[in-house]
1. Label 7 Å along Cα→Cβ of A:THR137; segment A:80-118 residues with amide nitrogen under 15 Å?
2. Tell me the angle of helix A:103-114 to the major Cα principal axis of chain A, expressed in degrees between 0 and 90 and rounded to the nearest ten.
3. Enter the mean number of other protein chain beta carbons within 10 Å of the beta carbon of each residue in A:75-82, as an integer.
4. Any chance you could tell me what percent of the C-alpha pair distances in chain A go past 28 Å?
5. Which FRET efficiency value, to the nearest 0.05, is calculated for A:ARG33 and B:LYS86 with the Förster distance at 51 angstrom and r the Cβ-Cβ distance?
6. Report the residues of segment A:55-94 in range of a label on A:ASN7: point 7 Å along Cα→C-beta, backbone N strictly under 19 Å from it.
7. For segment B:152-228 and segment A:123-139, compute the distance between their C-alpha centroids and round to whole Å.
8. Per residue of segment B:127-143, in order, report the coupling 6.51 cos²θ - 1.76 cosθ + 1.60 (Karplus, θ = phi - 60°) as ³J(HN,Hα) in whole Hz, putting x for Gly and Pro.
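Every number in this text was worked out from the coordinates using simple rules, so none of it is lab data. These numbers come from a predicted model, not from an experiment. Using ideal geometry, Cβ is built from the backbone for each residue, glycine included, and neighbour counts are taken over all protein chains shown.
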Amino acid sequence: MEKIFLNNTLPDIFSSETDLRSEIWKHNVSFERGGRYLIEASSGTGKSSLCSYLYGYRADYSGDILFDNQKIRDQKVSFWDTIRSRHLSLLFQELCLFPELTALENVLLKNNLTNYKSAAAIDDMFDQLDIAGKKNTLVGKMSWGQQQRVALIRSLCQPFDFIILDEPISHLDDENARKMAELLLHESEEQNAGIIVTSIGKHLPLDYSKVLLL
Amino acid sequence: MKLVWKLLRENISKAQLIGFGFANLIGLSIILLAIQFYMDISPVFSEKDKLFKKDYVTVSKQVGLISGLTARSGGFSSAEIEDLEKQPFVKKVGAFTPSQFSVFAGFNNQNMGVGFNTEMFFESVPDDFIDVKSEDWKFSPEDTSVPIILPKNYLDLYNFGFAESKSMPKLTEGLIGLVNLDITIFTKYKEPKQMKGRIAGFSNRINTILVPQSFMTWANAHYGNNMEVHPARLIVEISNIADPNLDSYFKTKGYEISGDNTTASKMAFFLKIIVGIVLIVGVVICFLSFFVLVLSIYLLLEKNMSKLRTLRLIGYSKSYVVRPYEILSVALNFIILVLSLAVVLIARGKYLNEINKVLTTIELASPVCIIGIGVGIFVLLSLLNILIIRRKVS
């Protein structure tokens, strides 16, 4: 997948609003592979909706979203299975980790599906993000900041053309945010992937090629 | 798979699954046992078994008040015979041919100085219907003697009734076979004809004094009054004595059947009803237990729905995440199939013991059929389970 293209897209919930000041909704926007995009948003502007549209679990919008030249609305279930495990990775705002599994088990749950990372590579990532000691701790007993790091590791355990991070550092200090940015950059450069980060306050420290206001 | 299973097996209620298993085990066992029992026992009622081997019945019309007083023949017309032949339970129909001449039979022994004479009658039926196999059973017009078959009842009546009470010697079939009867045939138009009669055997099946059909044809032609006579009695070979239609057919036609073979058909009918009721009960129980399983899986899916959704979002395919539930339900169904087959085979051993005490030789239906039916139900239930699970998870 080389390009994500938004063609006059608008969430149904905003259909009656007239004073929309967005650079994304109702515009033609394209995200290129290899680019780094920051989407700045205030609350309630449809940030998580955008992520869910792109990840195919909601479709309550007008206009079109295209992956390369393929419309993603009404795609089959199997299309999304492939997209989610081979082409597009998402770090959910709500993380979607399983609290009853350990940090490592949560990561392995993804990696067992994709077989993308070796055990050593996973260990490395835990090291880099300073949570190696928490590998065998139940996720339910970890702080949100720690969970955000586990979720990042999990989202990196797959091949991807684009990675979307929905408020990835909301609960992290600057030092940890920097480490996270470093790891993310390294992984996405390796795959020449596009990065799309959303933020309502603190930005993940990256050299963005484009900043868009939602 | 291990991690997914670890996630999804939470919230499984053992009590619910045991409840389902128990109910389904009872239902399936009842269904299979009823079918197996029916298959084992039904040969007893059909002609294959010796118990009801007498698959011949003698059919006559009821003697009513009016028809009884008039001497007019109340026999079977050819249309009635044809109709009878068309019935699905009828294999062959043979007519009793009455003699159209008078017969005197006597037994005179000069040496012993005894003798008696009696007026009597002959009847004949086609040879296929006769249960006495004798070389002697033939007649040609040149012969001066004619073979006769008497009902076994007559001999029994003498031996066990008369002879017993009068302390007279009993007669064996062989001994009677040595006796020659003097037979005289009378007609209005011709000289009486003297012949010898010899007793060729005793019949269990046919309750009359029989002579060969060939003799009867010849004698009726020579000494009869050449009138067309409808046969008053028919002998019918029945293909399936257990056919419930048999009894109702004869009843509506107003025919009487000799012998009481129709009990078999009544019993078979009731057996069918009882097995039917038991089957329905089994099916209902099975159905209810199936709902218990579906409900408990629904509940399980509902409790785990957010996990399933998350698994789907991190890229697991639908078929992958529903597999644990499919395996669970199929495995449960399979265990129940095996258990219920065991129950059926054990129970069958027990009732066969009891049956064998009453009936010596019954032909056993093979249990392969019941295993086939069990597997069929298992496949059907499992497919339904899988379908329901797949529809529930989107």
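1. Once the point is set 7 Å along Cα→Cβ of A:THR137, A:99-106 turn out to lie under 15 Å by backbone N, inside segment A:80-118.
2. The angle comes out at about 60 degrees.
3. 3
4. Considering chain A, 26 percent of its Cα-Cα pairs are separated by more than 28 Å.
5. Once rounded, the FRET efficiency stands at 0.05.
6. Residues A:55-56, A:59-76 qualify, since their backbone N sits under 19 Å from the label point.
7. Spelled out, the Cα-based centre of one part sits 111 Å from the other.
8. 4, 4, 8, 8, 8, 9, 9, 9, 4, 6, 7, 7, 8, 10, x, 6, 5
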